[in-house]
């Protein structure tokens with residue numbers, strides 16, 4: 001849970017800094033960005049599952 005809170009806090013700080021110096025927020029559109037992250041996570045989980053089931 002600490003990792004999640006630190007990630008949210010770091011993202012908040014970056015958002016404030018970028019807004020303060022009038023730069024565009026360094027993030028993709030909300031839904032597609034979240035779906036991309038979910039896809040990366042699921043791909044990693046799937047890879048670990050394949051390794052555990054078939055390679056070891």
Task: Filter pass, residue 37 being surrounded by 10 or more Cβ atoms within 10 Å (Cβ to Cβ) and under 17 Å from the mean Cα position of the chain (by Cα) - done: yes
Task: So residue 30, is it modelled with pLDDT under 85 and within 15 Å of the chain's Cα centre (by Cα) - done: yes
Open item on the list: Can you pull out every residue in region 17-27 that is part of a helix (DSSP H, G or I) and either surrounded by 10 or more Cβ atoms within 10 Å (Cβ to Cβ) or modelled with pLDDT under 85 (or both)?
Closed with: 17, 18, 19
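The values are calculated or read from the model by the stated rules, or taken from the named source; none is laboratory data. The model shown is predicted, which means the values in this text are computed figures rather than measured ones. Every residue, glycine as well, gets a Cβ built from its backbone with ideal geometry; the counts of neighbours run over all protein chains shown.
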